[in-house]
Structure formats: C-alpha cells, structure tokens
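The values are calculated or read from the model by the stated rules, or taken from the named source; none is laboratory data. All of these numbers come straight from a predicted model, not from anything done at the bench. Because the Cβ atoms are built from the backbone with ideal geometry, glycine has one as well, and the counts that use them run over all protein chains shown. Side chains are part of the model used for accessible areas, which takes the heavy atoms of the whole protein and leaves out ligands, DNA and RNA. Shrake-Rupley method; radii C 1.70, N 1.55, O 1.52, S 1.80 Å.
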Amino acid sequence: MTTLIKNGTVVSATGRHAAEVLVDGTSIVAVMAPGSAPAQAAESGADRVIDATGKYVVPGGIDCHTHMELPFGGTFASDTFEIGTRAAAWGGTTTIIDFAVQKTGENVRDCLDLWHSKAEGECAVDYAFHMIMGGVDDAALKEMDSLVDEGITSFKLFMAYPGVFYSDDGQILRAMQKAANNGALITMHAENGIAIDVLAEQAAARGQTDPVYHGITRPSRMEGEATNRAIQLALVAGAPVYFVHLSASEALERVAEARDAGHNVFAETCPQYLYLNLEDHLGAPGFAGAGYVCSPPLRTKEHTHHNDLWRGLRTNDLAIVATDHCPFCMKDQKELGKDDFRAIPNGIGGVEHRMDLIYQGVAMGELSLERWVETCSTTPARMFGLYPQKGVIAPGSDADIVLYDPMAKTEISVDTHHMSMDYSAYEGYTIDGKVDTVMSKGRVLIEDDTYHGEKGHGAYLRRGLSTYLQ
Ligand code: URP
Ligand code: ZN
Ligand code: ZN
C-alpha cells in the first residue's frame, strides 16, 4: 500500500518547506519537491493520495514519559496500555516510552516481564520502556547490563518517595557508575523526599490535610537542591543525567549552569508545569485540587509568571516536553486522600493533549514551529535511541506522520477526551490548532475525527543508546 501526502508544509527540527511525502508500506520512501508526483492516485502510482493543503506535516509525537497502570498509593493509574495508547494516537503521539517498575526486593527481570505482558498486543502505537529502579542493589545493578542489550537503555531513579521508590545517594552513585560504563542514561526524579516527608508529616499533624498542602510541603528549593546533588553525583560518576518532569526555576538554573559548563545534563518539562499553578489548580475549592496532585507539584504563580520554563524550552536547557501521563479518576482514586493529602495518588493524565498544548505555545509566540517538532518528537527520538527510525520525516524512517491543522481549533474536555479519567486537568481550554490526521507505520489511525486503529498495531521498540552521548 502506497500513500502520497501532497500540498502540505513538511516541518522538521531545522526548517519547513513545501514537499510531498511518499509512504510505501510502513516506511517513508521519498520526500519530494512539490509537483514531482502527479495529482491523482492512479497517475502518481500511489494507492491513495492525502491532500494536506493548509496543514503542517510533522513527525508523529514521541511521549517519553508515561505511566500506564502504574501502581501508586494502593491503586493503579487508570489507563491501560490499550486505552492510553489510543488516547495518544488521538493526540498525534505515535510512540510512547513507558516506565516498567521495580521496587526494593523485587527482581528486575520479573518486573520487566510483567510490563511486557501488560503491553504486548494491546497498544495502538509503538511503545518502548525505561526501567524504574526502586531498589538499587547488586542484583539490580548487574541486570542493568542485560537490559541495555535488550533495548532498555534508560533507567529512572527517585530521590523522592522514601520507602517506595527512593534511592539514597550511594545507590544513585552506583547506578550512575554502571551507566557510565554501559552507555545507559539515568533519568532522575529530583526532589528531596526525606525532607519533604518531614514537612508533610508536620503539616498533617497541624490538621493541614487539603490537597494544596501537597504542594506547600514540596518546596521548589527541594527540587533545586536535589537537582544540584544529582548533577554532582553524575559528575563524580562520569555519567550523563536526564531530569524528568522539571518544574522549578531553581532546578532549571542548576541544569543551565551545568550545561553552560559543558556537562551532559539534560531535562524535560511537562505541560502541567507550563499551564497550571498551585493557587488556582492545586488550591481549587473543596477537594477539586486533588485532580492536580502530582510530583513535583504545580508551582506558585510567582514561579510561573516569569515563564522560565518556556524560556528554558527555547534555550534548550529544557530539551523535551513529555507528559508524565499518570491518570487517576477522582472517584475511588483521588478520593483515597479526601482526609489527608498524603494519600492522594500522585499524577495527572495528559498523553492526549501534549502536541496540542505545546502547539499552543507556538500560537502564543513562546516557541517556533520547528522547536515544537524538536521538543515533542525529534529530540525524544535522539535522546532515547529511536532516531532516525522515529522523530523525522525522511526516507527510511517509519511512516509516523501527523497532519496538523493550524486553522482548526481543539476544545479540551472530559466529555470528549479518550483517556480513562473522570475529569480533565485542562477542562475548557481551547487550542488554536488541531490534530487532523495521524498515521502510524503507514496506517491511518485518525482521520475525519474517527479512530481507525486497533490494539496490537503498536509494537515493542528495542532502543539504541542515546545519540546525545555517542
Ligand atoms: O506525580 C507523578 N509524577 N506521578 C508519577 C510518578 C512519577 O514520579 O513520575
Ligand atoms: Zn517522577
Ligand atoms: Zn513519571
């Protein structure tokens, strides 16, 4: 089956140009000057012609931070791989990298097998895994080498959540030393969890149990401190480090300093930190703020009004936008913490809206069109060893292609989203653009506001090493 995409503007990380894209089977086979191919399918030799007049033709989005079915606080993130990857497709994301989970005392291999069994045959789009190392011990460290050989080339460590996922500085150093040796990338949740737990306990003892105290007891300084500590440990180990879900200006400053000094320090941020804040959202009346409980927490307006994170995205101190998609319903899930914020499961769902929310940054003049493509697709592919199979419209790459319509609008609402959530963190937002058509490996998944995909179309991706480190 061949498809010709005509009359569109192809956008890459480095520029935009009018071009025709020819897809054969699952791959892109040619990117041609306009007019190179005849207009009609029969004449052009293509089985099908898609008219992209007025639309941007961009590489499918790559969300390198999702948590389908994550166990957290006695419950599980509400999206299965089937539901979550279908929602991703609706939003123009054609690859996810999810986090397999290992905790203290668990066998890394068993945990990875479990994650494969959750995802296999279920996904609408391609998927890969990072490995959460919640229990760094000799066995886990040894297993890191074999995982790298199997395409799991990045590992997440936590400086937060003592007793659950937490690693102490010695464990972090040892994992970083291993990564320095086998070429893996350590991704870091940087918050000082030991200090935060003290603050949270003190707040609860004072009767401060509303959702907003989740944010108040996780000060931005504690993210800045942990970010600095992780950078110093990485420098001692001679390893690169990648900060997930960076939210605080103090953390961004530490990343920028390290990068200016020439170190392999990278960071991502997420739409929730660009758009939402502690006062209006986490501090919403009643229990509504629970829907905005995530870690790191939403930051105060004082923090967000400087637009530091948008600036970081422009300067490349923030290289990637991922979602940290970790949805929970209000009913029976967020409600677990109605009497105590510490029992609210942490996470916000957003895999469906990342491409739109960051395109809105283009519409608002915060980012260029090219930078949108770079932060949402090309850099995630390069950072996590998927390039050039993913992240670019070029001959030989997978035909993961999104047609984006800058003249249409997207209304975000719980009534129309496709995630398994009974609320939307972005309820009522209108985006000045719209995902029009989504193709994954040559197959059209979304067209005319209709889903044409199926579970099992998405396959597991063995990743290579980060191209930023070679
Ligand atoms: O609140 C969050 N971020 N939940 C998911 C787990 C994590 O730390 O990424
Ligand atoms: Zn995290
Ligand atoms: Zn996460």
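Descriptive notes on the structure:
- Pairs meeting the criteria (first residue in region 350-374 and over 22 Å from residue 416 (Cβ atoms), second residue part of a loop (DSSP other than H, G, I, E, B) and open to solvent by 10 Å² or more (accessible area, probe 1.4 Å), beta carbons under 6 Å, at least 6 apart or on different chains) are 370/13; 373/13; 374/13.
- All conditions in (1) under 18 Å from residue 70 (Cβ atoms); (2) within 16 Å of ligand 1 (Cβ to nearest atom); (3) of a type outside the set (S, T, N, Q) hold for residue 172, with the sole exception of (1).
- Helices (runs of 4 or more DSSP H) fully within region 206-325 that include at least 2 residues being within 15 Å of ligand 2 (Cβ to nearest atom): 220-237, 271-275.
- Scanning region 230-244 turns up one or more residues that are open to solvent by less than 20 Å² (accessible area, probe 1.4 Å), within 14 Å of ligand 1 (Cβ to nearest atom), of a type in the set (A, V, I, L, M) and under 30 Å from residue 264 (Cα atoms).
- Test: residue in region 278-298 that is over 26 Å from residue 336 (Cβ atoms), away from ligand 1 (no atom under 13 Å from the Cβ) and either touching a residue at least 12 places away in the same chain (Cβ under 8 Å) or among the basic types (Lys, Arg) (or both): no
- When residues in region 33-68 are screened for being assigned to a loop (DSSP other than H, G, I, E, B), away from ligand 2 (no atom under 16 Å from the Cβ) and not polar (S, T, N, Q), 13 of them pass.
- Residues that are closer than 23 Å to residue 401 by Cβ and crowded, with 22+ Cβ neighbours inside 10 Å do not occur anywhere in region 289-296.
- In region 135-159, the residues that are within 16 Å of ligand 1 (Cβ to nearest atom) and either in contact with a helix residue (DSSP H, G or I) (Cβ under 8 Å, 6 or more places away or on another chain) or hydroxyl-bearing (Ser, Thr, Tyr) (or both): 154, 155, 157, 158, 159
- Output for region 1-32, where each listed residue is at negative phi, open to solvent by 40 Å² or more (accessible area, probe 1.4 Å) and in a strand (DSSP E or B): 9, 16, 17, 18, 22, 24, 29, 31, 32
- Qualifying positions in region 343-396 - under 28 Å from residue 150 (Cα atoms) and within 16 Å of ligand 3 (Cβ to nearest atom): 351, 380, 383, 384
- Counted residues, region 306-319 - those being farther than 18 Å from residue 277 by Cα and open to solvent by 10 Å² or more (accessible area, probe 1.4 Å): 4
- Test result for residue 195, surrounded by fewer than 19 Cβ atoms within 10 Å (Cβ to Cβ), within 25 Å of the chain's Cα centre (by Cα) and among the aliphatic types (A, V, I, L, M): no
- The residue of region 353-412 that is nearest to residue 321 (Cα to Cα), among those that are basic (Lys, Arg) and open to solvent by less than 20 Å² (accessible area, probe 1.4 Å), is 354.
- Against the list (1) in contact (Cβ under 8 Å) with a residue 12 or more places away in the chain; (2) surrounded by fewer than 20 Cβ atoms within 10 Å (Cβ to Cβ); (3) within 21 Å of residue 82 (Cα to Cα), the condition residue 428 fails is (3).
- Cβ-Cβ contacts under 7 Å between residues 6 or more apart (or on different chains), taken from a first residue in region 320-347 that is open to solvent by less than 30 Å² (accessible area, probe 1.4 Å) to a second residue that is aromatic (Phe, Trp, Tyr), are listed as 334/328; 341/213; 345/72; 345/328; 346/72; 347/72; 347/328.
- Of all residues in region 24-39, none satisfies being under 30 Å from residue 314 (Cβ atoms), away from ligand 1 (no atom under 16 Å from the Cβ) and among the hydroxyl-bearing types (Ser, Thr, Tyr).
- Hey, residue 154 within 16 Å of ligand 3 (Cβ to nearest atom) and not basic (Lys, Arg) or not: yes
- Residue tally, condition of a type in the set (S, T, N, Q) and open to solvent by less than 50 Å² (accessible area, probe 1.4 Å), over region 33-67: 2
- For region 69-86, filtered to residues that are part of a strand (DSSP E or B) and within 15 Å of ligand 3 (Cβ to nearest atom), the residue that is surrounded by the most Cβ atoms within 10 Å (Cβ to Cβ) is 72.
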